[in-house]
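A.B. asks: Below are the structure tokens for one structure; questions will follow.
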Amino acid sequence: MHSLMAWTYPPDTTGSGIGSLLMKQAITFIKERGFKNVELGVIAANVRARNFYESHGWELVEEFTDGIEGVPISIYRLHP
């Protein structure tokens, strides 16, 4: 099992393309290593992040209304 626990970058870089660049590199890494089951979780209310993941091919597969410590979480899966 491999995990990436967090992915953040400074708010002033939003819209600069760095997130997309990092995501493309991450997806290339995933494909090159032959990972088959790749999932991520995001706070359900974080619409901006959810739109970002969806725009990069991640598909919503599950939602946990109780989430973590009562915070709803959405689970996305990538099919490399």
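Read-outs throughout are calculated quantities, based only on the coordinates presented, and are distinct from any laboratory measurement. Just so it is clear, the structure is predicted and the values come from calculations on it, not from any experiment. Here the Cβ positions follow ideal geometry from the backbone for every residue, glycine too, while neighbour counts run over all protein chains shown.
A.B. asks: Expressed as a whole number of Å, what is the distance separating the alpha-carbon centroids of segment 1-33 and segment 51-80?
C.D. replies: When both Cα centres are located, 16 Å separates them.
A.B. asks: Working out 0.36 nm times the residue gap between N37 and Y9, then minus their Cα-Cα distance, what length gain in nm do you get to one decimal?
C.D. replies: On the way: separation 28, 0.36 × 28 = 10.08 nm, distance 2.51 nm.
Value of the extension gain: 7.6 nm.
A.B. asks: Would you pull out the residues with amide H under 5 Å of V38's amide H, same chain only if 5 or more places away, H placed 1.01 Å from N?
C.D. replies: Sorted by chain and number, the residues that satisfy this are L78.
A.B. asks: Another question about this same structure. Relative to the compact globular guide of 2.2 N^0.38 Å, what is the alpha carbon radius of gyration of the chain, as a ratio? Don't skip to the answer; put the middle values down first.
C.D. replies: Values: Rg = 13.0 Å, N = 80, 2.2 N^0.38 = 11.6 Å.
Its radius of gyration relative to the 2.2 N^0.38 Å reference: 1.12.
A.B. asks: Counting only chymotrypsin sites (Phe, Trp or Tyr not before Pro) that sit in a DSSP loop (anything but H, G, I, E, B) with at most 14 other Cβ atoms within 10 Å, what is the longest stretch of the chain containing none of them? Walk me through the numbers before you get to the answer.
C.D. replies: Values: sites that count: W7, F35.
That gives 36-80 as the longest site-free run.
A.B. asks: Now for a separate question. Relative contact order for the chain: what is it in percent, counting Cα pairs under 8 Å that are at least 6 residues apart?
C.D. replies: Numbers: 76 pairs, mean separation 24.4, N = 80.
About 30 percent, as a whole number.
A.B. asks: Which one, T14, T28, T65, has the greatest fluctuation when you compute a Gaussian network model over the chain with C-alpha springs under 10 angstrom?
C.D. replies: T14
A.B. asks: Determine, from the Cβ-Cβ distance of L22 and D66 and an R0 of 35 Å, the FRET efficiency 1/(1 + (r/R0)^6), rounded to the nearest 0.05.
C.D. replies: Numbers: r = 30 Å, r/R0 = 0.86.
That pair, L22 with D66, gives E of 0.70.
A.B. asks: Here's something else I'd like to know. What is the set of long-range amide H partners of G67 at a cut-off below 5 Å, with H atoms built 1.01 Å from backbone N?
C.D. replies: Those qualifying (amide H under 5 Å, at least 5 residues apart or on another chain) are I73.
A.B. asks: Dipole size in debye (nearest 20) for the chain around its Cα centre, Lys and Arg Cβ +1, Asp and Glu Cβ -1? Walk me through the numbers on the way to the answer.
C.D. replies: Numbers: 7 positive and 9 negative charges, 78 e Å.
I would put it at about 380 debye.
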